[in-house]
């Protein structure tokens with residue numbers, strides 16, 4: 001072949017931006033046979049997917065997402081993005097398991113107190129409106 005490789009040992013496999021994309025043969029008979037083969041494989045794949053458990057389907061979807069066709073630069077960018085997302089999830093999971101610091105605990109307690117105070121003020125305001133008063137006891 002013109003690329004210097006044997007057609008039986010990888011020379012016909014598209015490289016670069018055409019990797020993992022279906023190529024149509026120039027010969028009409030071969031193209032018809034290839035399309036029939038592709039349709040048969042699609043039916044077999046659908047049957048396999050129907051038999052898979054939910055966990056296996058999730059694993060298959062992840063594999064399909066990581067093996068999408070396209071230019072090498074885009075595939076590499078998606079690979080790096082997946083790697084960064086995994087690192088961020090790992091850091092977040094480690095952080096979520098850690099116990100909050102004393103300062104954080106104090107802030108959370110203060111937030112709880114303020115929410116309780118807000119609830120009480122709302123209750124007093126509603127009572128004041130019902131009674132027809134103009135001032136709330138808390139503001140005197």
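Hey, does segment 48-70 have a residue that's in a helix (DSSP H, G or I), closer than 17 Å to residue 22 by Cα and modelled with pLDDT of 95 or more? The answer is no; no qualifying residue exists. In this structure, residue 99 does not satisfy being over 30 Å from residue 24 (Cα atoms) and either touching a strand residue (DSSP E or B) at 6+ places or on another chain (Cβ under 7 Å) or assigned to a helix (DSSP H, G or I) (or both). Taken over segment 15-40, the criterion of being in a helix (DSSP H, G or I) and either within 28 Å of residue 72 (Cβ to Cβ) or in contact with a helix residue (DSSP H, G or I) (Cβ under 7 Å, 6 or more places away or on another chain) (or both) is satisfied by 16, 17, 18, 30, 31, 34, 35, 37, 38. Against the conditions (1) surrounded by 10 or more Cβ atoms within 10 Å (Cβ to Cβ); (2) free of Cβ contacts under 8 Å to residues at least 40 places away in the same chain, residue 101 satisfies every one except (1).
The values are calculated or read from the model by the stated rules, or taken from the named source; none is laboratory data. Just so you know, these numbers come straight off a predicted model, no measurement behind them. When we count neighbours, we look across all protein chains shown, and the Cβ atoms used for this are built from the backbone with ideal geometry, even at glycine.
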